[in-house]
Amino acid sequence: MAQYDVIIIGAGPGGYVSAIRCAQLGLKTAIVEGRETLGGTCLNVGCIPSKALLHATHMLHEAEHNFADMGLKGKTQSVDWTQMKAYKTDVVGQNTGGIEFLMKKNKIDWLKGWASIPAAGQVKVGDDTHEAKNIVIASGSVPSSLPGVEVDNDKGIVVDSTGALDLPKVPKKMTVIGAGVIGLELGSVYARLGADVTVVEYMDAICPGMDADVQRTFKRILEKQGLKFIMGAAVQGVDATKTKAKVRYLPKKGGDEEVVDADVVLVATGRKPFAEGLGLDALGVKMTERGQIAVDGKWATNVPGIYAIGDVIEGPMLAHKAEDEGMAVAEVMAGKHGHVNYGVIPGVVYTTPEVATVGATEAALKAEGRKLKIGKFMFMGNARAKAVHQGEGFVKIITDKETDRVLGAAIIGPAAGDMIHELCVAMEFGASAQDIALTCHAHPTYSEAVREAALACGDGAIHS
Ligand code: NAI
């Protein structure tokens with residue numbers, strides 16, 4: 001029986017990052033993972049493969065729509081779907097292999113198999129029981145089910161995000177249930193590949209909770225790209241045959257049930273925490289009403305020596321939120337002061353254009369009665385964006401009217417997911433919009449749009 005300082009259950013971004021930080025802090029560490037490869041949902045069937053497909057299909061879009069304009073003429077591209085999936089698999093392999101290398105480099109043992117916790121201080125994997133002073137549960141999440149909808153990724157007709165990443169062929173007609181991040185990213189992929197994509201969403205706006213300005217602009221841009229939306233529609237069920245499916249929904253405004261036909265239905269209505277098989281019930285680990293593991297401000301559960309991080313606890317289900325918690329909990333276990341600033345966690349949708357947000361929304365701040373000053377700058381006024389056919393969208397910075405402190409920001413435009421970090425750093429340092437406006441920004445860059453939005457919080461942007 002091996003003895004560890006820490007055993008981490010789950011090798012997704014939360015778990016493997018935590019393991020590396022534990023090892024760096026001198027703790028003897030093991031990580032348990034039942035998949036064939038490390039990296040969890042994110043690397044195997046989530047963020048990374050979807051980004052490969054988004055990149056490949058964005059290139060296709062450029063070839064089909066913008067090459068001729070730039071004087072690039074000749075044979076048009078055609079899609080070899082098998083090769084595109086092979087490229088995606090290769091990208092995933094490079095990344096999961098990279099994590100395996102990092103585990104070896106940091107002398108972290110990979111215990112292969114599915115873990116359970118027979119008692120505090122013990123982790124069972126297969127027939128072996130290992131001892132650990134501390135255990136971190138980083139077991140992630142799985143797609144949540146929708147009543148009346150049976151997902152079967154093997155049949156490939158009604159699928160979740162995992163199935164949608166590996167469809168045997170590009171469907172002619174795809175219906176996506178849910179206009180959240182997964183639905184819009186994968187809906188974009190298939191729309192660019194030529195599928196007729198309809199998104200059915202219960203709410204009246206896409207990406208619920210996001211800045212309302214962004215929601216409107218984002219929907220308009222996606223519609224221009226060919227995606228269709230049925231809003232205010234509560235999906236009641238899906239009737240599938242071997243080759244087709246019908247999505248039944250009730251319009252919220254009233255009226256009879258309506259139907260959309262599809263060759264493939266992608267169910268993207270959220271994810272739920274995954275902690276099955278760990279034996280948490282028997283251990284008496286406290287759960288929240290929403291089925292998450294309850295933790296305190298230091299990620300400790302009510303059972304001494306057992307911690308939890310990532311999608312399995314409260315908060316946004318984002319890889320980088322899990323990573324931050326993974327590092328912080330390692331520091332707590334090593335006797336340091338782990339900390340996560342939950343007020344500055346960016347959210348990104350990797351469509352084209354990208355959408356990125358951080359901090360509070362205008363609506364939430366106004367509901368609190370805060371006096372605001374908002375600076376907005378359209379990418380139409382940004383030379384670099386126009387040079388690459390991406391002059392749509394804007395940067396919006398929300399500041400406190402009196403102090404000019406940045407409270408939140410939203411970007412819809414080229415490289416938004418990278419540019420948002422300038423605003424994250426500003427918020428971490430308690431910066432004002434003027435601090436950003438007074439910082440020299442290289443020309444010509446997309447980042448100038450951030451500076452212009454900051455200038456718009458003061459005496460005005462230059463190029464608008
Ligand atoms: P989501 O929570 O983002 O969106 C689900 C959507 O489905 C919502 O708009 C909801 O109103 C709608 N919906 C729910 N039930 C419905 C019904 N019966 N009829 C019609 N519409 C219905 O969930 P999603 O997109 O599945 O993503 C799951 C998690 O994974 C999220 O927490 C997301 O943040 C995370 N994720 C993050 C990514 C990123 O950061 N780029 C990429 C992919 C996933």
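When only alpha carbons are used to place a centre, the range 213-250 and the range 1-78 end up 27 Å from one another.
Ordering of 189-200, 64-75, 163-174 by packing is 189-200, 163-174, 64-75, highest average first (other Cβ atoms within 10 Å, averaged per residue).
Please state the relative contact order of the range 245-307 as a whole percent: Cα pairs under 8 Å, 6+ residues apart? Once normalised by length, the contact order is 19 percent.
Counting Lys and Arg as +1 and Asp and Glu as -1 over every other residue whose Cβ lies under 15 Å from the Cβ of Cys440, the net charge comes to -3.
Projected over all directions and averaged, the alpha-carbon convex hull of the chain occupies 24.6 nm². With contacts taken as Cα pairs under 8 Å and at least 6 residues apart, the range 175-239 reaches a relative contact order of 39 percent.
What is the sum of charges around His339, taking Lys and Arg as +1, Asp and Glu as -1, for the other residues whose C-beta is under 12 Å from the C-beta of His339? That sum, taken over residues with Cβ under 12 Å, equals -2. Peptides 342-352, 304-314 ordered by packing proxy, namely the average of other Cβ atoms within 10 Å per residue, highest first: 304-314, 342-352. Each Lys or Arg adds one and each Asp or Glu subtracts one; over the other residues with Cβ under 13 Å from the Cβ of Arg35, this totals -2.
Seen through its C-alpha gyration tensor, with square-root eigenvalues sorted a ≥ b ≥ c, the range 180-250 comes out oblate because a/c lies at 1.5 or above while a/b is not bigger than b/c. Remark: relative contact order (the chain) = 14 percent; criterion is Cα-Cα distance under 8 angstrom and separation of 6 or more residues. A straight Cα-to-Cα reach below 18 Å connects Lys244 with the aspartates and glutamates Glu150, Asp152, Asp154, Asp160, Asp166, Asp196, Glu258, Asp261, Asp263, residues fewer than 8 places away in its own chain not being considered.
Bear in mind that the values in this text are calculations on the coordinates, not laboratory data. These numbers were taken from a predicted model, which means no experiment stands behind them. We place every Cβ from the backbone using ideal geometry, glycine too, and count neighbours over all the protein chains shown.
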